[in-house]
Structure formats: C-alpha cells, structure tokens
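The values are calculated or read from the model by the stated rules, or taken from the named source; none is laboratory data. Quick caveat, the model's predicted, so the values are computed rather than measured. Ligands, DNA and RNA are excluded from the accessible area calculation, which covers all protein heavy atoms including side chains. Shrake-Rupley method; radii C 1.70, N 1.55, O 1.52, S 1.80 Å.
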Amino acid sequence: MTTDSTQATPAVESSRDSRSRSTSVACAHCGLDVPRARVADDGGPSFCCPGCATVYATIHALALDRYYALQGEDSARQPATVSGRSFESLDHAAFLAEHVRTREDGASEVVLALEGVHCAACVWLVERLPRVLPGVIDARLDRVSGRATLRYEPATVSLSAIARTLDGLGYPPHANRGAARQEARRARSRKHVVDLGVAGACAGNTMLFAFALYGGHLDGMDPMTRTLLRGVSLAFTLLSLAWPGRVFFQGAWTSLRTRVPHMDLPVALALTIGTLFGAWNTVLDRGDTYFESLTVVVFLLLIGRFLQEKRSRDALDAVDLLFSVTDATARKVDADVERETPIEALVPGDRIRVRHGESVAADGMIERGTAAFDVAFLTGESKPRTLRVGDRVLAGSRNQGGEVDVVVEAAGPRTRAGRLMDTVRAAAETKSPIVRTVDAMARRFTVVVLVLAAITAAVWWNASPEQAIQHAVALLIVTCPCALGLATPLAVTVALGRAAKRGVLIRGADVAEALCGPALVVLDKTGTVTTGTMQLCEWSGPAVVLERVAALESGVEHPIAVALSQAVGNVDEVVSRRHVEPGFGVEGVVNDEAIVVGSPRYVERAVGELPAGIKASVERVRVRGLTPVVCARAGRVEAVGGLGDAIRPEAKAAVQALRELGHDVVLLSGDEPAVAFAIGRDLGLDERSIEGLASPERKLDRVRSAVASGRRVFMVGDGVNDAAALAAATVGIAVSGGAEASLEAADVYLAKPGLEPLLELMRGSRRTLRAIHRCLRASLMYNAVNVALAMTGVLNPLVAAVLMPLSSLTVVTLAFRAHTFGDEP
C-alpha cells in the first residue's frame, strides 16, 4: 500500500493548468464555456447543457431571434433551466382560487415568479408571449423581482400551457406566494408617494407666492395682486391639509378620543390655528399669512413618516417565509398515477412522490424507497441524512439521491417549517426600544408645547388678543416636532444607507441601539463560521488515486461525490463503468483500473478488511469531525479522504475580536457533537460554549432563556433552522448566502461572507446611535431656545416660519455629516 500523503490543493492546481490548455467554446445561448464533450463536431452551435439547447431551439422556432441581439456583453451569464414539467397543478381549482383574479372584461390575471431573469433581453422575450401563444392578452415582466403579470383568456389557453411555454423559453414559472399581501403593500406605498408629491407641489407653489408677497411687502404691491396671491396660497394650503395633511388630523382625533398625547396633536393644532389665522388676515387684507410654512411643515413631516413606514413594510415580508423554502407543487400519487398538485390541496393521508433533486412539499412518513436528504436549512446539519421506510421527512428537505413515496402528515402552515415561521412572526412583533423612547419623548413634548402655548396666549391676552394669538401661533409653529420626528428616521436612513454600500443591511434604529452593549453572541456553525459546503479537507494517498476518484464521482450528484470531483476539477481520465450505491459509495472502472470509493464499511465489503494504517487514518479523520471516505484501486486500499464543512479563514480571529469587545461567544450546531466540538475547539471556545445536535427549537429555547434572564443576545445564522432564534434574539444577524427565511427574520443581513462584517456592524452601530442622540439633542435644544423667544414676544409668526425649517436643516446636516459606517462623512 502506498502511504505518501498528498494534499488536495496541488491536484486542484494541476487541474486548473489542464483546463487552461483546453480550447474554450462559448455556449450559443448563454455564452458560458462548453465542456469539451459537448462541443459540436460539425462546427454548428454548441451548448453547455441540454437546457440551453432546448431554449435555443424554441426561440428560433418562434422567430424570436432578436433576443440574442438584445443581450449586452455585460448581461449576466447563466445556463438555461428547462424543467420539462407539465405544470398541470396550475390548473387545479385550489391554485386558481388562490392565485388567479378574474377581471371585469372576463379575462384572467395571474402573477408568476420566473427563474432565470437577468437582463433586458429576458424582459423583451417574455413580453413577446402574446405573439407566440394564442389566448395570452398581455405579459409584463419586472426585471428586478422576476415577477411576470399575465392576462389571458381562460377559454382559449390554460395556465399550464402558458407555464409550459415560459418553461420552454428558459424561464420556469412558480407560484407567487403572498401576491395579494404584496400588492396591498405596494398600493399603500404608491399612496404615500402620491401624498408626498402633492404635498411637495403645494409647498413649492406657496413658497413661490410667498417670495412675491415678501418682495411686495418691501417694495410695494398692488392690493388686488396681493389679495390674489394670498387667495391662491390659501387654496394650495387647504389642498395640502385636506389631502396629504389629513393624516395628521386623523391622528389628532384619535389622540383626543383615546386621551393619549401624540405628536400629531400639536401639529394639527398648529396647522388649524395657522390656517384660520392666515385665512382671517387674507379676508381682512392685513398682517401675515404663513401659508408657505404650513405647507412645508406638512411636506417635511410626511417625509419622516414615509421613511418610518417603509421599514415597517419591509418587516411584513416575513409573512411569506414558508413559501420561500418549500415547493409550490407536489407529485401526488393516486393508483400509481402521478399528478402535479398544489400544496394547498394536500391533506393528511395523501401520497406524494419525491424524486432526485426535488424538495419535499409536506411533512410525512416515507412509505417506499431510500434517499439522502439535505436538511441543513431546518436542522443545521451539514451532512445529508439518509432516510428509509418508516422515517419522518420534513417539508423543504431536498432529495439528493433516490426516489421515495411519502404519506402526508401535515401540509402548508401546519408543517414544522410553517410552525417555525409562526414563531418568527410572533417574535418579530416585539422590538423597538429607541422608537418607544422617542414616542415617550414626543408625548411629553406634546403636552409641554400645548401647555406653553396656552400660557403664552393667557399672558399676552390682556396686552392684546391679536398679539396673544400671534405669539401662541409662533410658538406652535417654531416648536413643531418636525425635527424631533425626523431625527431618528433621518439619522438612521443616512447611516443605514452607508452601511448598505458596505454590504451591511440593518433593518432599523432599534438594532443600532441594541448592538451597542456587551451581549451573548450565538453562532450557528453551518454557513456562518464554516463555508456551508462539503469540501475535501484532508487527503492521505497518491494524487493519481484522487484523480481517478474525481473522474468516477464526476457523474454523481451526491454532495460527497461533488466535493471529491471539485477537489480536482476536469481530468482526462476515461470512465468505462460506474455503479452508484446511494448513501454508501461508488465503484467502477477508470482507465482500465477498478476503483471503489465510499464509506469504510462499503469499501471493506468490496475488497476485504481494511489495513491497520487505513483504520488509523479513518479514526483520525473522525476525531477531526470529518466524514471519512476510503478509496481502493485494483483491489488495494490506497487512500483515505476527510470531507467536511471547512472553517472560514477569518473565523477564529473574529471570535477573539468579539471577546475583546466584551461579548461572550457560544456555538450551537445541528451537527453531531463530535463535529461541533471539533469546530469549536478550532475557534478557541471551551466545551461549555459548544453544543451539538441543537434543533431549531433548542436554539430558540437557549435564546429565549438568555433574553428572559436580562441578557442581550445576538444570534448569527444563515438557515431556516435559525429563523425562529433570529427573531427571538435581541438582534438577529443573517450572514451571506442564507435562506430567505433567515434573511427576513433577521434584523441585520451581512452581504459579505465571513464574520469580519460582524465586527464592522457593531462598531458602525455604536457610531449610528451616537448620531441619533446628537440629532435628538440638537432638536430639543433648538426647541427650548425658541420656546423662550416665542413666549417673551421676540418671535412673531413670520420669524417663526423662517426659523422652523432651520431645525430640520440642522438635523439633516448632522445626519449627513455623521461618521457612521466606513470612512466617508
């Protein structure tokens, strides 16, 4: 037996050299390199995969060749995906009732999510659907979201036929889950934008008229012209108050009914008194009107409210988490006949078939077959789990080898994933300490302003009722809580915008506050401190054996086979025979040599008892928390490989830096304890800070217990199994590459891989919170000074109207000049 030790890296380098010497041929559809085995011998178009060949033929058959002319050189390159499904589930009554809307003209309308949308040429191609498929009236595609809105005649064409056509063009469609809720949120967003536009137009026009009136006040103006300008300004002010500004009056009325002071109350009072005062002066043609100040107040306050509600709308997307991790349809089996069925129509007792590469649509029990399932998104296990007859399988688990029949036990929101999402939603509703602080300040501020305005009016009433009203209105205008309302959302928006440019996406101001103190940092293993993919971490044996193994495994889809084949890359070995034993190993003939690779037991069964040296190597690999793979050539065992989820290079230094910032760090993993402890030790953690076999519920319990004890908890993870814990933590942090469920449940998303962005997040958040406090202090100091000036009669409404925007400008300046994330000011 050969015992020389060879690392995987040199083999990888040699394979790269081999590839660099090969001639590159571009795919005629997507432009990616075509494998040498697929290059056309006759010089015709070559394709990187069957999907691209199918789409290319379809596009040419439909005379849509201009698609290729529209593709720019900077278009994203990706091979086409053609599923070949029948999409008959889209014609099911349950699906149609849930997703299809009947229009007044009798046409049907549906929104579908499309895969593979990456450039303007894709939009052009999809929107030509009415030309190639009779019955389709209109097709509109949003390139950013990949959602296509289709209008069609159900009597002429079925939805499944439309889906098959889109699939043939390389854009497999899926149900757009939560479309009604998304549309409602978009409609509300459009309403806010319209209100802002109207408020801005009213403010701009009244400002222009005010400049003319101020000029006429200095140089003289014809009385009729002055009355006309004042009248038009009053009309714009009434429009601003009645349309976009009505929200403040609605809030003030609610405040009065519930007897809870609210910032809308002084705003509505100032707007009402100011408008009546200005209208009275307009009728009597005397004094000042201040209409421009009133409309500007409405516009600026609406900006702050829009920024706040935008973040609230983003948080509501967690409602759709379940459908981001489970398929929309299942292969329901009745009397050995398969039929695509939407998951909405599944009930307990139904039998569904799950093939290789598909995900399970419901929780259930395996009735037939054996297969390896990737369950990392739910349990955090980095290794596939082999399940057999009688084992339970969870919705969203992906079949990585084999075919099974599953008896449905729970579907939709009743699955384990669905229950986790309910926990996510419940936990996500109780967060916002800094917002509560500002609200409390605003309530006290409201009461104080109203009392001071009344005192001002009473003190000045004996001297002159007109002066009393002017000074009270001046106080209400100059102390309008515009700056106070803008301070938090504006400072946060500026800081969060800078953070986003650096790949740190933060959901709100409360997150910045929570990140500023020492905490318990809970790290998930898979995808967080590790790369999240199976890799060849150790190899003991000849390099030539690794090349033979890579060639044999290159045609197998199991994660271990993929890792072994990727460790070398393209090789020139000839595979003449291959037999796969799902979940155990592969044996075949490579370059006329018999090769066996797989688990130690599988290889031992094929070639006899393993030598003592090989057994020692296998045990060493297991101690490191890796999966051992034994390789035999020509009947002799010659190599042992260790596969696992490799630790990120910067992880250990990042953990040490977190400790230096005052944080306690623990590692919770769904993997076996041996794997978790091996990783934890490499990170420098003691055994008390490491836990294996941590289920989603266990992670949630650990987080909730720590929070209940009064500790701040930062949960860092990337999978659906982390989603509930992310939402329950003081701050949930999702790392790059995570499942959509974890991203939506989290308060922070780190777009860059690794843990280094976590350190930048904490330092930048501390600076952000300081910027928020600075803006709030400036607003309060400004109001305190101007209250004194207004009550003493130094300020009249005209001066107050000029000073009022200065508080907002001060807050804006402080927010934009604050050093938060990065080096830019």
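For the reader, a short list of remarks on this structure follows.
- Per residue, in Å², the accessible surface of region 633-735 once ligands and nucleic acids are set aside, probe 1.4 Å: 36 Å²
- Out-of-range pairs (alpha-carbon distance over 23 Å; input LYS501/LYS752; LYS332/LYS699; LYS191/LYS501; LYS652/LYS752): LYS332/LYS699; LYS191/LYS501
- Taking all protein chains as shown and a probe of 1.4 angstrom, THR54 keeps an accessible surface of around 60 Å².
- In sequence order, calculated HN-Hα J values of region 699-706 (Karplus, 6.51, -1.76, 1.60; Hz; x Gly/Pro): 4, 5, 4, 4, 5, 4, 5, 5
- Space enclosed by the convex hull of the alpha-carbon atoms of region 329-414, per residue, Å³: 81 Å³
- Three-way shape label, region 533-647, alpha-carbon gyration tensor, a/c 1.5: oblate
- Within the accessible surface of region 533-647, defined with a 1.4 Å probe on protein heavy atoms only, the carbon and sulfur portion equals 49 percent.
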